[in-house]
Amino acid sequence: MTLEREFKKPRYYLHNGFRMPMGFPPEGFRSGISYQAQPSDIFIATYPKCGTTWTQYLVWLILNNGQPLSASQTISEVSPHLEEVGKETITKLTSPRIIKTHLPYNLTPYHLEASYIYIARNPFDCAVSFYHHTRGFIKHYDFANGTFDDFFECFITGEVDFGDYFDNLVLWYEHKDDDNVLFLTYEAMKSNLQKAIFKIATFLGSKYVETIKNEQVLNQIMTHSNFESMSKKQERWSSKRPENMPPFIRKGEVGDWKNYFSPEQTKRLRDKFKMRTLGTGLENLWLEV
């Protein structure tokens, strides 16, 4: 008789049943979800590894006429992670605040006039990117020797930080037509970045559309937010990772999942995707996957 393999799992801490990275202080979560959203706030809401940092920087560049962060600034300083740092850090930001969150819609601080930009990425590429992220942050997860097979079992059951991928995606998608929500996909942004920039600028206000109509400003935004430029910045922006681990900003590719998934894993995630998105409209979002 063959015994089922015992899969290695990353370490997390549970806060009211919500998994968080070990390096995140519990008080940050408690404080973060009690933050009172302001009319001028701009929330960058994503499930982990779905284009969060990229979108944060795009918004920063649009708001600042294409001027990049200075050498002394980091993206986490100008756009902190709400449930990591808590509300006191957020309230100290200059308005308009750019706030990062991985919270599901029902836990995200809400204001009718605040702006919410949600980026969705297909679950296959998300799982692969999330695996490398988890493996690389040793102090957060203790998963340096974990395999993709190990992580896949956690991902498909929702036993990862910030909860089940589908719980996050489906709840936000239900609000995609709200006036204060902009729903974009990572794949569409990769396919046509300029179009995505205009969508974000239009969502944030007509004055930003006028700004990016300046060809020089638009070119600066495109240049400073491309993959090569973002990869160089990560040395200053992210925590030090061991030399044998993948970088925080790794590939940014669409379709890299095919190098990792077995046929059986592909079927299991496709089946879950169909089950969780049936009748929502999401089932038609990534027909090419």
| With respect to Ala37, is the statement that it is assigned to a loop (DSSP other than H, G, I, E, B), modelled with pLDDT of 95 or more and within 20 Å of the chain's Cα centre (by Cα) true? | yes
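Conditions (1) surrounded by fewer than 22 Cβ atoms within 10 Å (Cβ to Cβ); (2) in contact (Cβ under 8 Å) with a residue 60 or more places away in the chain; (3) in contact with a helix residue (DSSP H, G or I) (Cβ under 6 Å, 6 or more places away or on another chain), marked per residue:
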residue	(1), (2), (3)
Pro10	no, yes, yes
Tyr13	yes, no, no
Gly23	yes, yes, yes
Glu27	yes, no, no
Tyr35	yes, yes, yes
Trp54	no, yes, no
Asn65	yes, yes, yes
Pro68	yes, yes, yes
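Of these, Asp142, Asp149, Asp164, Asp179, which one is surrounded by fewer than 20 Cβ atoms within 10 Å (Cβ to Cβ) and under 15 Å from the mean Cα position of the chain (by Cα)?
Criteria check complete, one pass: Asp164.
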| request: Tell me which residues, restricted to segment 107-139, are among the hydroxyl-bearing types (Ser, Thr, Tyr) and either more than 21 Å from Thr55 (Cα to Cα) or surrounded by fewer than 20 Cβ atoms within 10 Å (Cβ to Cβ) (or both). | output: Tyr110
| query | Would you pick out the residues in segment 194-208 that are crowded, with 16+ Cβ neighbours inside 10 Å and either part of a loop (DSSP other than H, G, I, E, B) or without any contact (Cβ under 8 Å) to a residue 40 or more places away in the chain (or both)? | reply | Phe198, Lys199
| said: On the basis of being out of contact with any Gly (no Cβ under 6 Å at 6 or more places or on another chain) and within 25 Å of Thr223 (Cβ to Cβ), does Ser129 make the cut? | reply: yes
| request: Would you mind stating whether Leu171 is modelled with pLDDT of 95 or more, hydrophobic (A, V, I, L, M, F, W, C) and under 30 Å from Ser262 (Cα atoms)? | output: yes
| said: Tell me which helices (runs of 4 or more DSSP H) are completely within segment 54-162 and hold 1 or more residues being at pLDDT 95 or above, aliphatic (A, V, I, L, M) and under 18 Å from Tyr186 (Cβ atoms), or say none if there are none. | reply: 123-136
| field | Flag if Ala45 is part of a helix (DSSP H, G or I), at pLDDT 95 or above, among the hydrophobic types (A, V, I, L, M, F, W, C) and under 30 Å from Lys274 (Cα atoms) | value | no
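The values are calculated or read from the model by the stated rules, or taken from the named source; none is laboratory data. If you're wondering where the values come from, they're calculated on a predicted model, not measured in any experiment. Ideal geometry is used to build each Cβ from the backbone, glycine not excepted, and the neighbour counts take in all protein chains shown.
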